[in-house]
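Notes for the one structure printed next.
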Amino acid sequence: MVNEMTGALDGIKVLDFTHYGVGPWGASLLAQMGADVLKIEPPEGDHISRSPPPYKNGITTTYIACNLNKRICILDPRTERDRQVIYKLVETADVIVENRRPGYMERRGIDYNAVSKVNPRIVYCSSSGYGYRGPLKEQGSTDGYGSTISGFASVSGPVGGPMEGLKGGGAHIDFTTSVYIASGILAALYKREITGKGQWVQTSQMQAAMALSGPRAQEYFVSGQNPRPMGSGVDNIAPSRAYRASDGKFVNLSAPTPEAWKRLCQVLGLQHLLEDPRFVDNAARVQHRDALDHLVQQVISQRPAQEWVDTLQGQRVPSGLFLIHNQVRIHPQVKSLEMLRWIDTPWGELRVAAPPWQFSETPAFTKSPPRVGANTEEVIKSAGF
C-alpha cells in the first residue's frame, strides 16, 4: 500500500474554499500529489454534493470524484469565531484556492489582501468565470459558456453543421481550468522557494478556453479565415478523421507525417496515391480532402474496424477505435497503467480515475473524501478554539 506521506507535495498545506467542479478538482490534483488539502465549506455545503445526479447513497458521484484525498470541515467566515479559526489556519497554510465570483471572498474578509497580511508566504489562487477585470467579471459561468464565448465551441460539431459546441459529458473547459489552477499554484510555490514570498494567482474559465483553443485561433490570425467545425477530423491534416468500417464501427486514423502517409498508403493498397500530384504533400491533401476521404473510405469499408486497427497500429499508423466507457474500463492499456481504481467511500465502494501521473520516488495516490463536515471538530480544536 502506498504511504500517503510520500507524495511530491508532502508538507504543503492547502485551504480549499472551492465549490462545484472546477476548483474542487484543481485542489484535488494537489491532494493526489500529497498535499494536505482541507476543504472549507459554508454551512449550506457545496451545491454539487446535492445536484446533479447520479447519486451514490444520497451524494452525487461528481462531488466524490472532485474531492478525492481531502479533509472536509464546515466553517462560516461570516461569523467572528469561524473567521478567527480560518485566520489561525492561514498562519501555517501554504496555499489558498477559491473559485468564487469576484468580491465573494473579500466580503468575508478572506481575500488575498487580507490573508497575505497574516501570512505573506501564502500562494493564493483565484479562478472565476471571466477573470477579475473587464465587463463580465461579475458574471458566473459554466463549461458551456466558457466554450462558446472563447470560440472553442465554434470548431466543434459536425462538418458544416450548427455550431452547438460541446454539450454535457466532457466538461473540457471546466477541467482544463482545474489543470491551470493546479499548475499555476505549483509555479508560484516554486517561485516562493526562491523569493520567500507568496503571490496571487488568477485564472478563469474563459482564459483557460482561450489558451486551449490557441492553435486553432492562430489559423484565423494567419489566414483571416475562421476555422470551421470538422466533425471527427482536423482542419490542417489529411487524412485525419473517422471512417466507417464494414461492421458499422468507426476507425479513426491519421497521417500527420510523410512517413505515416507512406505507411498508410501501403496498408490500404493505395500506393499509386504517392505519385498523385493532388496528394503529394499534406498541403495538397488538405486542399483535395474530399477526394482523398472518398478513396480512403472505399477501402476502409471493406473490412471490420478491429482488423483495420490491428493492421494500422502494426505498421505504426496512428489509429484507434471509438470506445465507450464500458469498453474503456476493460481496455488492456487502461489495466496496464491502472487508470481506474476502486476506493472505499462512506457511501460505498466506487470506481474513480487514478492520478494522471506516475512518479518514481513520490507516488500519487487516491482515497475517498470523508463525509461532509467530518473534520470540523478536529480543525476547530487544532486552531485553539
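The values are calculated or read from the model by the stated rules, or taken from the named source; none is laboratory data. Everything quoted here is computed from the prediction, not taken from an experiment. Quick reminder, even Gly has a Cβ in these numbers, built from the backbone with ideal geometry, and neighbours come from all protein chains shown.
For this structure, a couple of remarks:
- Residue list for segment 350-377, filter: at pLDDT below 95 and of a type in the set (Asp, Glu): Glu361
- Among the residues of segment 272-324, those that are within 14 Å of Ala242 (Cβ to Cβ) and among the hydroxyl-bearing types (Ser, Thr, Tyr) comprise Ser301, Ser319.
- Every residue from segment 64-96 that is touching a residue at least 24 places away in the same chain (Cβ under 8 Å) and hydroxyl-bearing (Ser, Thr, Tyr): Tyr87, Thr92
- Where helices (runs of 4 or more DSSP H) sit wholly within segment 31-140, those with at least 2 residues that are within 20 Å of the chain's Cα centre (by Cα) and within 28 Å of Thr366 (Cβ to Cβ) occupy 61-66.
- The single condition from (1) surrounded by 13 or more Cβ atoms within 10 Å (Cβ to Cβ); (2) under 30 Å from Gln315 (Cβ atoms) that Gly248 fails is (1).
- Some residue of segment 90-102 being hydrophobic (A, V, I, L, M, F, W, C), under 30 Å from Tyr145 (Cα atoms), at pLDDT below 95 and assigned by TED's automatic domain parsing to the domain that holds Glu349: no
- Checking the stated criteria, Met230 turns out not to satisfy the condition of being crowded, with 16+ Cβ neighbours inside 10 Å, in a helix (DSSP H, G or I) and of a type in the set (A, V, I, L, M, F, W, C).
- Segment 210-225: number of residues that are surrounded by fewer than 12 Cβ atoms within 10 Å (Cβ to Cβ) and among the hydroxyl-bearing types (Ser, Thr, Tyr): 1
- Which listed residue is assigned by TED's automatic domain parsing to the domain that holds Asn67 and surrounded by 12 or more Cβ atoms within 10 Å (Cβ to Cβ), from Pro346, Pro356: Pro346
- Taking (1) farther than 13 Å from Pro318 by Cα; (2) in contact with a strand residue (DSSP E or B) (Cβ under 7 Å, 6 or more places away or on another chain); (3) small (Gly, Ala, Ser) in turn, Ser240 satisfies each apart from (1).
- Selection status of Pro363, surrounded by 11 or more Cβ atoms within 10 Å (Cβ to Cβ), assigned by TED's automatic domain parsing to the domain that holds Ala31 and either touching a helix residue (DSSP H, G or I) at 6+ places or on another chain (Cβ under 7 Å) or outside any loop (DSSP other than H, G, I, E, B) (or both): no
- Helices (runs of 4 or more DSSP H) (entirely within segment 283-355) containing at least 3 residues that are within 23 Å of the chain's Cα centre (by Cα) and among the β-branched types (Val, Ile, Thr): none
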